[in-house]
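This report concerns only the one structure given below.
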Amino acid sequence: MNKLIITIFGSTGDLTIRKLLPALSNVINTQKDFTSLSIVAVGRRAFTSEDYLGFVEENGVNHHDIDILRPHLMYCKLDIVDGSTYGQLSDLHAALMRGFTTVRKIFYLAVGPDLFIPISENLTALNLITKGDENSIIAFEKPFGHTYEDAKLINKFLETKLTARQIYRVDHYLGKAMIQKLLGLRFSNEMIHGLWQKDHISEVKIVVTEEDGILNRGAYYDEVGVLNDMIQSHLLQMFALVIMDAPKSLRSYDVQQAKIAALKQVEYVPSASLLGQYKGYREEKGVDPDSPISTLAFLTFKVHNPTFKDVPFYLFTGKKLAKKEAYIEILFKTPPSASLYPNAQPNSLRIELAPFSRVTFGISSNEENNGDELQHLALEHCYDCEFPSAVKEAYEILFNEMMAGRKTLFPSWEEIDTAWQIITQIRAQKPRWITYDQGFSLDGGKQNDEV
Ligand SMILES: NC(=O)c1ccc[n+]([C@@H]2O[C@H](COP(=O)([O-])OP(=O)(O)OC[C@H]3O[C@@H](n4cnc5c(N)ncnc54)[C@H](OP(=O)(O)O)[C@@H]3O)[C@@H](O)[C@H]2O)c1
């Protein structure tokens, strides 16, 4: 019989409590056949397994999820950076594996990148994972490194200890329902594929905005800022999926190669870009009162290939903005005959990740009884309105992929390396910097003139 052991480092953190445990509860609940699953929550606090479940419940994991998790979950105390404390984890794994012929192990590192090397070093030193055993993998949460130099060091170290197939770099945006549907939409529909090029597109926006500020994570955010926190990972991954050529196949290697080739063709346009900080940021807990960190980025890119020549791509993200939303919007050119109509508008295609998983075409048609007035219509398909239970949370999808050993939704080192090079360019050629009012919005909100 097969055994699956998922070991979570950072088990008392926000990510584990808000995302990973509810996702694992859904995985267990939907697959039903998980008698041989063990979840080991690793932490430095002196908890029993029941204490731990009480702690996560107090911090927001609901009773239903706790009941589903309880039969599988156990807590293991250790000090991440002290190899001599890993013996207990090793003994626990040995006991859990006893009697099983095949054991798949997932070590999930829901901790900052400064802990990636010590944990990997200790796991490999005790043979909890051995190089080349593809049944054992380590998942590294984003960000993969605080800086480009840092990322290269981590990667170099990991390559000495593990093979590429054992390293899963997590960017949970790749698990989001609409991001997974994007390639199918682009490459299987002639009415989208045929229009996805410079002769028809006037501009593209990739937007991820948040109403929240930095909540209680001031010290963390003040080290990373918007470029490392959002652009380096989520927005550049979305950008790559928008501009990549069709991959040779849907195998992870081919998809990753197509994304890397695409990212290598982008050119950042500093004169049409902007970074900013919301007013009041420097008074937040944990933030340096003179902090130069940016909480907003509006970045313009060109893509150097014949398909997108001269099409501007705008990446926009930030905190304390008017609303929380995430979408990709393609704005099309208008045909010459549109000049027959005084209120003609360009067509649009919006692929929305949040608050809904939705695709909307913006088109126009005549108003009834009115020859030249156009009515603007939205043709939409909302996946989570129509199939509410079918749209899974990103982390649930990512766990399913890790269990199946599929890597398509996990960026390769070369993708991350290329993304860091783009961030390095942005840092070297800083755009204009503003402070902005909280509640700022791109479409008619406060301080629009600045943008
Ligand atoms: N939160 C999210 O939604 C989210 C989303 C995507 C990516 N991430 C990334 O995931 C990582 C974790 O985020 P988070 O929000 O969960 O952070 P967090 O709430 O600060 O939790 C950090 C976790 O790491 C543990 N930890 C830190 N230093 C440790 C040490 N020296 N020894 C043992 N344990 C240690 C903490 O244990 P204690 O409780 O004992 O301090 C805690 O369990 C970060 O890199 C973050 O950028 C987070």
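Only the coordinates and a few stated rules stand behind these numbers; no lab work does. What you see is a predicted model; the values in this text were computed from it and never measured. Because the Cβ atoms are built from the backbone with ideal geometry, glycine has one as well, and the counts that use them run over all protein chains shown.
Rg and Dmax of the chain, based on Cα coordinates, read 23.5, 81 Å.
Which of Trp413, Ile397, Cys385 sits closest to the plus end of the dipole of segment 348-451, meaning its Cα is farthest towards the positive end, when Lys and Arg get +1 and Asp and Glu get -1 on the C-beta? Of the listed residues, the answer is Trp413. Counting other Cβ atoms within 10 Å as a rough exposure proxy, the listed residues Leu185, Leu321 run Leu185, Leu321 from fewest neighbours to most.
A convex hull fitted to the Cα coordinates of segment 2-170 yields 109 cubic angstrom per residue. Along the axis of the charge dipole computed for the chain (Cβ charges of +1 for Lys and Arg, -1 for Asp and Glu, origin at the Cα centre), the listed residues Leu374, Val255, Ala338 are led at the positive end by Val255. Dipole size of segment 2-170 about its Cα centre, with +1 on Lys/Arg Cβ and -1 on Asp/Glu Cβ: approximately 500 debye, rounded to the nearest 20. Only the Cβ atoms of Lys and Arg (+1) and of Asp and Glu (-1) were treated as charged; on that basis the dipole of segment 115-254 about its Cα centre amounts to roughly 500 debye. Only Cα pairs under 8 Å and at least 6 apart count here; give the relative contact order of segment 206-277 as a rounded whole percent. RCO, segment 206-277: 23 percent. Look at the alpha carbon pairs under 8 Å that are at least 6 residues apart: their mean separation over the length of the chain gives a relative contact order of 16 percent.
In segment 3-100, Rg over Rh equals 0.95, where Rg is the alpha-carbon radius of gyration and Rh the Kirkwood radius from pairwise Cα distances.
Ordered by the number of other Cβ atoms lying within 10 Å of each residue's own Cβ, fewest first, Val207, Val81 fall into the sequence Val81, Val207. Taking every DSSP helix (H) stretch of at least 4 residues in the chain, weighting each as -39,500 (n - 2.57) and dividing the sum by the residue count yields a mean residue ellipticity at 222 nm of -9000 deg cm²/dmol. By the Cβ-Cβ criterion of under 4.7 Å, the unpaired cysteines of the chain are Cys76.
Shown here are the Rg and Dmax of the Cα trace of segment 306-401, at 17.7, 55 Å. State which entries of Lys181/Lys333; Lys156/Lys248; Lys77/Lys176; Lys264/Lys407; Lys152/Lys323; Lys142/Lys205 exceed 27 angstrom in Cα-Cα distance in the structure shown. Pairs exceeding the cut-off: Lys156/Lys248; Lys77/Lys176; Lys152/Lys323.
To check you understand DSSP bridge types, tell me what percent of the beta bridges within the chain (both residues inside) are antiparallel, rounded to 5. Counting DSSP beta bridges with both partners in the chain, the antiparallel share is about 50 percent. Note on segment 97-214: Cα convex hull, mean projected area over all directions, 12.1 nm². Taking the Cα centre of the chain as reference, the dipole from Cβ charges on Lys and Arg (+1) and Asp and Glu (-1) amounts to some 1220 debye. A dipole drawn for the chain from +1 and -1 charges on Cβ atoms has a positive end, and of Ala46, Leu296, Leu353 the residue lying farthest that way is Ala46.
Consider a paramagnetic label point 7 Å from the Cα of His200 along Cα→Cβ; state which residues of segment 225-269 have an amide N under 16 Å from it. What the label zone holds, given the 16 Å backbone N cut-off, is 242-246. Counted by neighbouring Cβ atoms within 10 Å, the residues Glu352, Glu325 run from fewest to most as Glu325, Glu352. When Lys and Arg each count +1 and Asp and Glu each count -1, what net charge do the other residues less than 12 Å away from Val81, Cβ to Cβ, add up to? After counting each charged neighbour, the total is -3.
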